[in-house]
1. To the nearest 0.05, what FRET efficiency results for residue 43 and residue 91 with a Förster distance of 45 Å applied to their C-beta separation?
2. With a point put 7 Å past each Cα toward its Cβ, work out how far residue 106 is from residue 59 in nm, to one decimal.
3. Tell me the label only: which of [x] 1.33; [y] 1.24; [z] 1.16 is Cα Rg over 2.2 N^0.38 Å as calculated from this structure?
4. With N residues in the stretch 3-88, what two-decimal value do you get for its Cα radius of gyration over 2.2 N^0.38 Å?
5. Which order do 147, 5 fall in if you start with the one that has the fewest other Cβ atoms within 10 Å?
6. May I ask for the distance between the Cα centers of the stretch 107-151 and the stretch 7-52, given as a whole number of Å?
């Protein structure tokens, strides 16, 4: 298997222009200078980011690298990151821009009236935003997607439903999450709360 096929399958979702990874892996010149770093972070299991323990079962969104693919990356790095024949390169993966589940969602809720400003350096503590959808009746959710305004700086989003005025974390229900490289997941969920504006 070519290194480019592994990178396309396992890395490019985050390592491309406009995404959160610190460098792109979309062409040889971009990626070859990082060969030693790639081998190191794969060997140390820092990349791709996947920390679930396989002894607890198989996960459908498993992002870990199989041993044979790791070995190919190690050998490629040790050999000085040789370039393959450009004519044999696979088609680059295609990614959906914008909403993944529906072209025009029925409802869109923003976390705040103004965008949250993310500093270029340093650590940003968790930010919490409460959004009241203003529903007057219960709603059945067929599909839900969390979408960052700037994928290059948002690491993850976790959305919960919680009864209005109730701050008891035990009363909230997970609705949807977002993490770099993850695709939106179409799952039916039911909102257990009547939302009032």
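1. With a Förster radius of 45 Å, E is 0.95.
2. Each label point lies 7 Å from its Cα, and together they span 3.1 nm.
3. Evaluating Cα Rg over 2.2 N^0.38 Å on these atoms matches [y].
4. Relative to the rule-of-thumb radius for its length, the stretch 3-88 sits at 1.11.
5. Taking fewest neighbouring Cβ atoms as first place, the list is 5, 147.
6. 28
Where a number appears in this text, it was derived from the coordinates with a stated rule and is not lab data. This is a predicted model, so every value here is computed, not measured. Positions of Cβ are generated from backbone atoms using ideal geometry, with glycine treated the same way; all protein chains shown enter the neighbour counts.
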